[in-house]
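Engineer: Before anything else, here's the structure in question.
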Amino acid sequence: ARRLLPGRDSYKLGALVAEFELAHGLEETLRPHRATYDAVVTARLFVQIAGRRTLEELRDQPSGGAGDEEPALF
């Protein structure tokens, strides 16, 4: 998210869930910080931010690693 959504005040999962309304439609029994909830909203977040880009665009995103070469996201 930091690489693909620059400029956010927070990159905590809860903040991104709220911003993109990723918990909409989930069963009321699912709660933050529980495995199933966190996995589902993380998958929704990935679809939200990566789904609008081509694989080539995603590969061109630097990972922020050290060295002369800029590592790619994938």
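Engineer: Viscosity 0.692 mPa s, temperature 37 °C: Stokes-Einstein D of the range 1-44 from its Kirkwood Cα radius, in µm² per second?
Structural biologist: 298
Engineer: Assuming 0.36 nm per residue, please report the length gained on full extension of the stretch Leu58 to Ala43 beyond their Cα-Cα distance.
Structural biologist: 3.8 nm
Every number in this text was worked out from the coordinates using simple rules, so none of it is lab data. Quick caveat, the model's predicted, so the values are computed rather than measured.
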